[in-house]
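Note sheet for the following structure.
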Amino acid sequence: MTRVRIEGRQVVVTVGEGRVVRLRRELLELLDGVRRFGSLSRSCRALGITLKTGLSWLKNAEGSLGQRLVERVRGGKGGGGALLTAEGSRLLMAYYSAMSVTRPGFVASLIEESLSARNRLSGRVESVVRGDAVSLVEVELEPKQRVKAVVTTQALDSLRLEKGRPVLLVVKATDVMVLSL
C-alpha cells in the first residue's frame, strides 16, 4: 500500500514497511502528463522542462522507490510513447487522493478537464468475464440498457471492477458504427 501526503512542494511517500521517500511534486505532475498524453516528451513539454530533465527526475524517483513508474513503448505508428506501470498508477492515484484533501475539488477538476459531457455514461457493473490478457465488463446504465466493454485484465484489477461497483464509462472513439435493427 502506498500512502502519500503533501508537504509544501514535496510529496512524502510511505512505501512497504514504512520506508519514507520524498519526491518533488513536479514528478507527480510529470506522471500525470504521461497518463494524459501517453508520451513522456509531451508531458515534459507541457511542464516546460527538457526531456533530459524529465528522464533524470524519473530515474531518481524509480531508484528511490525501487519500482518502475513508466513503461516506455518503442516504435509503431506515431513513434511509440509511454504508459504508467501499475506502481506508477498507484502512486498517481494516491497523489490525487492527497491533493483532494488539501485542495477540495481537485479530482473533479481533473475529470472535467479531460472529459466532455457527451462521452461520459454512469452505471453499475453487472458482470465481469475475466480473461488472461483481456476481460469483458458489462455495465448497466439504466434498466434494460447495457454496454459491454473490453478492458485489459490489468485494468480490471487496478480499477477493482466487480459486480455492483458504480463506474463511469468514458467513450473514446473517432468512429462509432450504428446498425439499424
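Could you please tell me which pairs satisfy a Cβ distance under 8 Å, a separation of 6+ or placement on different chains, a first residue in the stretch 85-99 that is more than 14 Å from Leu27 (Cβ to Cβ), and a second residue that is polar (S, T, N, Q)?
Final answer for the pair search is Thr85/Gln67; Ala86/Gln154; Ala86/Ser158; Ser89/Ser158; Arg90/Thr2; Arg90/Ser158.
Tell me whether the stretch 4-18 contains one or more residues that are surrounded by fewer than 16 Cβ atoms within 10 Å (Cβ to Cβ) and within 17 Å of the chain's Cα centre (by Cα).
No, because not a single residue in the stretch 4-18 is surrounded by fewer than 16 Cβ atoms within 10 Å (Cβ to Cβ) and within 17 Å of the chain's Cα centre (by Cα).
Quick one: Leu55 ticks every box in (1) in contact with an Asp or Glu (Cβ under 9 Å, 6 or more places away or on another chain); (2) without any contact (Cβ under 8 Å) to a residue 24 or more places away in the chain bar one, so which box is it?
Tallying (1) in contact with an Asp or Glu (Cβ under 9 Å, 6 or more places away or on another chain); (2) without any contact (Cβ under 8 Å) to a residue 24 or more places away in the chain, Leu55 fails exactly one: (1).
If only one of Leu58, Leu92 is touching a strand residue (DSSP E or B) at 6+ places or on another chain (Cβ under 8 Å) and modelled with pLDDT under 90, which one is it? Show your work before the answer.
Details: Leu58 fails: modelled with pLDDT under 90.
The conditions single out Leu92.
Taking Gly81 as meeting all but one of (1) among the small types (Gly, Ala, Ser); (2) in a helix (DSSP H, G or I); (3) modelled with pLDDT under 85; (4) surrounded by 15 or more Cβ atoms within 10 Å (Cβ to Cβ), write down the number of the exception.
(2)
Answer with yes or no whether Arg42 is part of a loop (DSSP other than H, G, I, E, B) and assigned by TED's automatic domain parsing to the domain that holds Met93. Before you say what the answer is, go through the steps one by one.
Values: part of a loop (DSSP other than H, G, I, E, B): no; assigned by TED's automatic domain parsing to the domain that holds Met93: yes.
For Arg42, the condition - part of a loop (DSSP other than H, G, I, E, B) and assigned by TED's automatic domain parsing to the domain that holds Met93 - is not met.
Pairs under 7 Å by beta carbon, first residue within 12 Å of Ala98 (Cα to Cα) in the stretch 1-28, partner surrounded by fewer than 10 Cβ atoms within 10 Å (Cβ to Cβ) and of a type in the set (Lys, Arg), six or more apart or different chains?
Arg25/Arg9
The values are calculated or read from the model by the stated rules, or taken from the named source; none is laboratory data. Because the structure is predicted, anything quoted here is derived from the model rather than measured. Here the Cβ is made from the backbone with ideal geometry for all residues, glycine too, and neighbour counts use every protein chain on show.
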